[in-house]
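Notes follow the structure.
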Amino acid sequence: MSTEEMAGQVLLPFFPGLDHTAHAAVIERLHLAGSIIMGDNVPGTADGSVDTTAMQAAAGQLQAAARAGGRSWPGLIGVDQEGGKVARLRAPLTEWPAPMSYGAAGSAPLAGEAGAAMAAELAALGFNTDFAPSADVTMGPADPAIGARSMSGNADAAAAYSVAFSQGMLAGGLLPAAKHFPGHGSVTVDSHAGLPVQDASLDALRAKDLRPFQSVVDAGLPMVMTGHIAVTALDPGVPASVSKAAYAELRRMGFKGVAITDALNMAAIQDRYPNDSAAPLALAAGADLLLMPADVEAAHAAIVGAVRSGALPPARLAEAAQRVVTMLIWRGRTGQGPGTAPGSGSELSQKVSRAAITVLAGPCRGPIVPASVRVAGGSAQDRSRFAASASKAGISIGEGPLVRLIGAGPQPPAPEAAAEVAVALDAPWPLADVTARSRIAVYGRSQGAFDALASVLAGTATAPGKLPVDVGSQPAGTGCD
């Protein structure tokens, strides 16, 4: 391959809007690896659902562009689809609860089933890569970026469920990418907005934040995403995504697959490396695939220019391109299968929520509320979904005890503060600050999550989940016997 072709094979861009023909032309002209699909690239129907036929056609068009010029390997068509709040494609695809559900359910096989089912629906639309799971170990409510995207606050549990989910994704036809090495769950700045600094010692990191990534490496999984996190013990002040020491640590762990950066258009990078100057720096440091440069044309030119000036050794660019192409050839040879119909995982999604729902306080058996309740908090959609699920469970909305739905972020004051039942819809930490008689964590806002909640409130189902994180004075593992 020429320098220009190799520079394209290490770039995975985003594009604004729905002009997939124009996007395909850029992919073909710059020899790009493929494309990530963001929310504004997803065709929709009049009712706001995903137009799955148009999405499949668009993915096929981008795939054809990535294979232009006689390339025998597939292009990389990827998406961020974790479940919970990170989901670019929604109805009619299955809506999955937050990944913390797997930690609460305590079942690696269930995480694997969910990964396979999620992947199979995406594969049917032409995707072959999902930038999931978040293998980060969350430290608790001071973690602003990961929260319920983390499967657990325990490193060993996060490792087990991340590996299981990733292996499920592979079985379902997609390449997973474990993220955000060396761990975004133990820093207090969101890298979308600024540069997080990790001051822990290397020994401490290896004992906690790096442990899930070591398990991912040991399992032979194909891709790890590096985060924009400055690790003082490795390379003070330098984001891991452009740090030679960080990539050296990843390779020391035995990783032989593709190291992909987190999105290069995030503030942690753009504030320090304007005009896509981070692209050749990341490659020189040890990255193999560069995700979402702010301007893919500028990033491509910067890589080619760096090779010609000697700032980026040609052998390093060739190594990166070879790793990417090798992964895609392997993906092509293993086959993808036809996938499954949109929504085919809905029953499994509800099974996950039923296994995860956790009672922190209040009765573990029997009805928690009478046949009529009031509801407050959450979004309008949350309250609507709660009402639909409550009705199926024989609970009406109008009078009776107040059920307060608590989402992420600051919570409104009274009258919700007087609730008899408090329900955390995302991460469970807000339950530490409420005095409701019954406190329940559901880790999701899907209809299936509300169905699981209504069944527990009505007493027709028990709550088998256990806290995967500490919540105030209640330690991880708290829940009904």
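Laboratory data are not the source of any read-out in this text; all were calculated from the coordinates shown. None of the values given here were measured: they were computed from a predicted structure. As a convention, Cβ positions derive from the backbone with ideal geometry for all residues, glycine included, and neighbour counts pool all protein chains shown.
The HN-Hα couplings worked out from phi for segment 316-331 by the Karplus form 6.51 cos²θ - 1.76 cosθ + 1.60 (θ = phi - 60°) are 5, 5, 5, 4, 4, 4, 5, 5, 4, 5, 4, 4, 6, 4, 4, 4 Hz, whole numbers, x standing for Gly and Pro. Taking the chain as the reference, fit the longest principal axis to its C-alpha atoms, fit the long axis of helix 346-356 to the helix C-alpha atoms, and give the angle between the two in degrees, 0 to 90, nearest 10. It is inclined by approximately 70 degrees.
Amide H contacts of VAL471: ALA476, each under 5 Å away and 5 or more positions distant or on a separate chain (H built 1.01 Å from N in the peptide plane; Pro and chain starts excluded). Listing LEU11, LEU317 from fewest to most neighbouring C-beta atoms within 10 Å gives LEU317, LEU11.
Pairs from the list LYS351/LYS392; LYS179/LYS208; LYS208/LYS244; LYS85/LYS208; LYS179/LYS256 with a Cα-Cα gap above 19 Å: LYS208/LYS244; LYS85/LYS208. Sequentially through segment 25-33, phi angles give Karplus couplings (6.51, -1.76, 1.60; θ = phi - 60°) of 5, 5, 4, 5, 5, 9, 6, 6, 5 Hz, Gly and Pro residues having no value and appearing as x. Dividing the summed -39500 (n - 2.57) terms of all DSSP H runs of n ≥ 4 by the residue count of the chain sets its mean residue ellipticity at 222 nm at -11500 deg cm²/dmol.
The Kirkwood radius of segment 237-328, taken over pairs of alpha-carbon atoms, gives through the Stokes-Einstein law at 10 °C and 1.306 mPa s a diffusion coefficient of 121 µm² s⁻¹.
Counted over the chain, the DSSP beta bridges are approximately 20% antiparallel. Computed from the Kirkwood radius of its Cα pairs, the Stokes-Einstein diffusion coefficient for segment 357-458 at 37 °C and 0.692 mPa s stands at 251 µm²/s. Cβ crowding within 10 Å ranks TRP96, TRP429 as TRP429, TRP96, fewest other Cβ atoms first. Extension gain, ALA371-SER72: 0.36 nm per intervening residue step, less the Cα-Cα distance, totals 101.4 nm.
Ordered by the number of other Cβ atoms lying within 10 Å of each residue's own Cβ, fewest first, TYR273, TYR161, TYR247 fall into the sequence TYR273, TYR247, TYR161. Between 0 and 90 degrees, the angle of helix 52-66 with respect to the longest Cα principal axis of the chain falls at about 20 degrees.
Pairwise Cα distances in segment 98-204 exceed 17 Å for 52 percent of all pairs.
Per residue, the Cα convex hull of segment 3-334 amounts to 118 Å³.
Any idea what angle helix 155-172 forms with the longest principal axis of the chain, computed on alpha-carbon atoms, 0 to 90 degrees, nearest 10? Once rounded, one gets 70 degrees. With coordinates expressed along the principal axes, the C-alpha atoms belonging to segment 179-300 extend over 38, 29, 19 Å, beginning with the largest.
Among residues other than ALA302 with Cβ under 13 Å from its Cβ, the summed charge is -3 (Lys and Arg +1, Asp and Glu -1).
For the pair segment 290-331 and segment 352-404, the centres of their Cα atoms are 52 angstrom apart.
Taking 0.36 nm per residue of separation and subtracting the current Cα-Cα distance, fully stretching the chain between ALA22 and THR232 would add 71.4 nm.
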